[in-house]
1. Determine which member of the set A:56, A:93, A:18, A:42 is more than 10 Å from every other protein chain (Cβ to nearest Cβ), in a helix (DSSP H, G or I) and among the acidic types (Asp, Glu).
2. In this structure, is residue B:187 farther than 18 Å from residue B:62 by Cβ, within 14 Å of chain A (Cβ to nearest Cβ) and assigned to a helix (DSSP H, G or I)?
3. Taking the range A:1-12 as the search range and keeping residues that are more than 7 Å from every other protein chain (Cβ to nearest Cβ) and aliphatic (A, V, I, L, M), which one is nearest to residue A:71 (Cα to Cα)?
4. What about residue A:97, is it at pLDDT 90 or above, of a type in the set (Gly, Ala, Ser) and touching a helix residue (DSSP H, G or I) at 6+ places or on another chain (Cβ under 8 Å)?
5. If residue B:153 satisfies every condition in (1) on the phi > 0 side of the Ramachandran plot; (2) within 13 Å of chain A (Cβ to nearest Cβ) but one, which is the exception?
6. Pairs, please: C-beta under 6 Å, at least 6 apart or cross-chain, first residue farther than 13 Å from residue A:188 by Cα and in the range A:148-161, second among the hydroxyl-bearing types (Ser, Thr, Tyr)?
7. So, in the range B:168-182, exactly how many residues are in a helix (DSSP H, G or I) and in contact with a helix residue (DSSP H, G or I) (Cβ under 6 Å, 6 or more places away or on another chain)?
8. Looking at B:173, B:106 in this structure, which one is buried (at least 22 other Cβ atoms within 10 Å of the Cβ), touching a Leu at 6+ places or on another chain (Cβ under 8 Å) and β-branched (Val, Ile, Thr)?
Protein chains: 2
Amino acid sequence: MTIALQERLDAQITFAMEIDKLKRIIRRNTLIDGSRRENDAEHSWHLGMMAMVMAEHAPPGTDLDKVVAMLLVHDIVEIDAGDTYIYDTVAVEGQAALEQAAADRIFGMLPEDQCRRMRALWDEFEERRTSEARFAKALDRLAPILANHHNEGGSWALNKVTARQVLEKVQIITEGSPALGEFAARLIESSVANGHLAP
Amino acid sequence: MTIALQERLDAQITFAMEIDKLKRIIRRNTLIDGSRRENDAEHSWHLGMMAMVMAEHAPPGTDLDKVVAMLLVHDIVEIDAGDTYIYDTVAVEGQAALEQAAADRIFGMLPEDQCRRMRALWDEFEERRTSEARFAKALDRLAPILANHHNEGGSWALNKVTARQVLEKVQIITEGSPALGEFAARLIESSVANGHLAP
């Protein structure tokens with residue numbers, strides 16, 4: 001192995017060990033079976049798998065491999081910035097600066113070309129301007145709705161979230177995938193009808 | 001949405017909810033910080049990320065997107081078959097039949113074309129005949145070595161594993177990536193030198 005390659009590998013290993021911390025960042029929502037709250041790493045895996053099997057509900061021409069890559073990367077900044085509950089509007093406001101600093105620090109552990117690539121993937125996800133980013137974000141919004149619908153309201157009930165608030169998030173799902181948006185809206189209706197989500 | 005598309009989506013959602021169970025399949029090794037044992041879902045995410053950043057250590061022409069897809073899928077059969085410790089040779093023997101049945105049941109929840117695709121990915125990983133499968137398996141073998149090396153022997157010490165046994169696994173890493181094999185061998189030497197792994 002050349003010294004240059006060895007240096008790159010050392011940086012990649014350091015990065016790999018650092019991002020292990022994502023397994024300890026706990027989200028508000030639980031596993032589908034309600035047994036415990038979910039961490040960011042397993043959540044990211046789940047979204048990657050959902051993208052693989054639901055790809056046909058993305059707009060034609062969407063680059064699925066890029067969607068998967070984006071989903072694996074999308075929460076890494078939360079190692080420093082923490083998970084922010086999307087219905088906590090005050091926390092969401094302060095989050096952007098924290099996440100930018102986290103991206104600088106964490107992606108900055110990689111060789112420069114890879115740091116740029118990771119940052120670009122994450123920026124693209126956050127900006128939600130490409131069909132890949134919109135589809136990725138749609139899945140990120142859909143997953144907790146699935147879990148809460150299955151868990152008699154789950155984190156919605158605990159955090160006093162209403163159907164009106166959840167339906168605002170459905171708009172983001174619809175922008176990434178009309179079919180998934182339609183599906184999410186039905187789950188929310190059903191949760192309201194079952195008394196698991198306040199109207 | 002057409003009825004056919006709706007039926008496909010329903011099957012995909014059922015599959016997505018089923019594979020959530022991978023978050024409860026616990027492996028022998030711990031997180032890098034040693035705080036708790038790792039689950040299969042977060043492990044699969046970690047390997048996907050490692051593939052993304054270590055791609056350059058795979059043989060030229062390796063299809064990285066396929067490696068990532070394979071790694072996300074590779075442990076799903078353990079939802080039914082459970083995690084088998086690679087140094088438990090008796091358990092490893094009975095595992096293949098259980099995993100085949102698990103693949104039939106779990107991938108069988110998907111629309112047929114997708115079931116075939118998932119099964120093909122998993123078969124390719126298990127057979128380790130393509131450079132994608134060999135690189136994916138190399139990362140799967142490298143990850144616990146990283147964690148154990150960092151944790152004063154971690155699951156090796158607990159399970160009375162010796163350097164000779166670990167070095168047999170390094171052969172599999174080298175077949176997927178000579179650079180990663182060389183790196184793993186150095187970690188093992190260092191663990192032996194530190195008294196964290198029996199020679």
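The values are calculated or read from the model by the stated rules, or taken from the named source; none is laboratory data. Nothing here was measured: the structure is a model prediction, and the numbers come from that model. All Cβ positions, glycine included, derive from the backbone under ideal geometry; neighbour counts span all protein chains shown.
1. Values: A:56 fails: more than 10 Å from every other protein chain (Cβ to nearest Cβ); A:18 fails: more than 10 Å from every other protein chain (Cβ to nearest Cβ); A:42 fails: more than 10 Å from every other protein chain (Cβ to nearest Cβ).
Going through A:56, A:93, A:18, A:42 in turn, just one is more than 10 Å from every other protein chain (Cβ to nearest Cβ), in a helix (DSSP H, G or I) and among the acidic types (Asp, Glu): A:93.
2. Working: farther than 18 Å from residue B:62 by Cβ: yes; within 14 Å of chain A (Cβ to nearest Cβ): yes; assigned to a helix (DSSP H, G or I): yes.
Taking the combined requirement at face value, the residue satisfies it.
3. A:11
4. Values: at pLDDT 90 or above: yes; of a type in the set (Gly, Ala, Ser): yes; touching a helix residue (DSSP H, G or I) at 6+ places or on another chain (Cβ under 8 Å): no.
For residue A:97, the condition - at pLDDT 90 or above, of a type in the set (Gly, Ala, Ser) and touching a helix residue (DSSP H, G or I) at 6+ places or on another chain (Cβ under 8 Å) - is not met.
5. (2)
6. Correct list of pairs: empty, since none qualify.
7. In the first step, residues of the range B:168-182 are kept if they are in a helix (DSSP H, G or I); the result is B:168-176, B:178-182.
Right, trim to in contact with a helix residue (DSSP H, G or I) (Cβ under 6 Å, 6 or more places away or on another chain) and you get B:169-170, B:172-176, B:179-181.
Counting residues in the range B:168-182 that are in a helix (DSSP H, G or I) and in contact with a helix residue (DSSP H, G or I) (Cβ under 6 Å, 6 or more places away or on another chain) gives 10.
8. Details: B:106 fails: touching a Leu at 6+ places or on another chain (Cβ under 8 Å).
Of B:173, B:106, the one residue that is buried (at least 22 other Cβ atoms within 10 Å of the Cβ), touching a Leu at 6+ places or on another chain (Cβ under 8 Å) and β-branched (Val, Ile, Thr) is B:173.
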